[in-house]
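The values are calculated or read from the model by the stated rules, or taken from the named source; none is laboratory data. Owing to the predicted nature of the structure, the values given are computational and were not obtained by experimental measurement. Backbone-built Cβ (ideal geometry, glycine too); neighbour counts: all protein chains shown.
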Ligand SMILES: [Zn+2]
């Protein structure tokens, strides 16, 4: 589960908004022992990670969610009423 907390990319330190979450899946399959051909695919099943992996969509850095949360705690965004854009 992703935390409902601000993120700040610890790598480029310019992004607080655009991210993707990287999930892992497990998918069962059967292989032919002689030819190596794949015979059968099962359903994809998500693997529950205790901590999601987050990717910054500005610099493509990926890391544990906690790194993004900690960086945001170290450098919180200051609210400036004169500047309504969210960067
Ligand atoms: Zn970044």
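Yes/no matrix, rows are residues, columns are (1) under 20 Å from the mean Cα position of the chain (by Cα); (2) within 16 Å of the ligand (Cβ to nearest atom); (3) at positive phi; (4) surrounded by 13 or more Cβ atoms within 10 Å (Cβ to Cβ):
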site	(1), (2), (3), (4)
5	yes, no, no, no
30	no, no, no, no
33	no, no, no, no
36	no, no, yes, no
39	no, no, no, no
42	no, no, no, no
53	yes, yes, no, yes
64	yes, yes, no, yes
69	yes, yes, no, yes
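It is to be established whether one or more residues within the stretch 77-84 are in contact (Cβ under 8 Å) with a residue 24 or more places away in the chain and either within 16 Å of the ligand (Cβ to nearest atom) or surrounded by 11 or more Cβ atoms within 10 Å (Cβ to Cβ) (or both).
Within the stretch 77-84, the subset in contact (Cβ under 8 Å) with a residue 24 or more places away in the chain is 77.
From what is left, the residues that are either within 16 Å of the ligand (Cβ to nearest atom) or surrounded by 11 or more Cβ atoms within 10 Å (Cβ to Cβ) (or both) are 77.
Taking every residue of the stretch 77-84 in turn, at least one turns out to be in contact (Cβ under 8 Å) with a residue 24 or more places away in the chain and either within 16 Å of the ligand (Cβ to nearest atom) or surrounded by 11 or more Cβ atoms within 10 Å (Cβ to Cβ) (or both).
A quick yes/no check of all residues on (1) in a loop (DSSP other than H, G, I, E, B); (2) modelled with pLDDT under 95:
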site	(1), (2)
6	yes, no
11	yes, no
46	no, yes
63	no, no
79	yes, yes
85	yes, yes
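When you check residue 47 against the structure, is it loosely packed, with under 10 Cβ neighbours inside 10 Å, out of contact with any helix residue (DSSP H, G or I) (no Cβ under 6 Å at 6 or more places or on another chain) and touching a residue at least 24 places away in the same chain (Cβ under 8 Å), yes or no?
Against the criterion (loosely packed, with under 10 Cβ neighbours inside 10 Å, out of contact with any helix residue (DSSP H, G or I) (no Cβ under 6 Å at 6 or more places or on another chain) and touching a residue at least 24 places away in the same chain (Cβ under 8 Å)), residue 47 qualifies.
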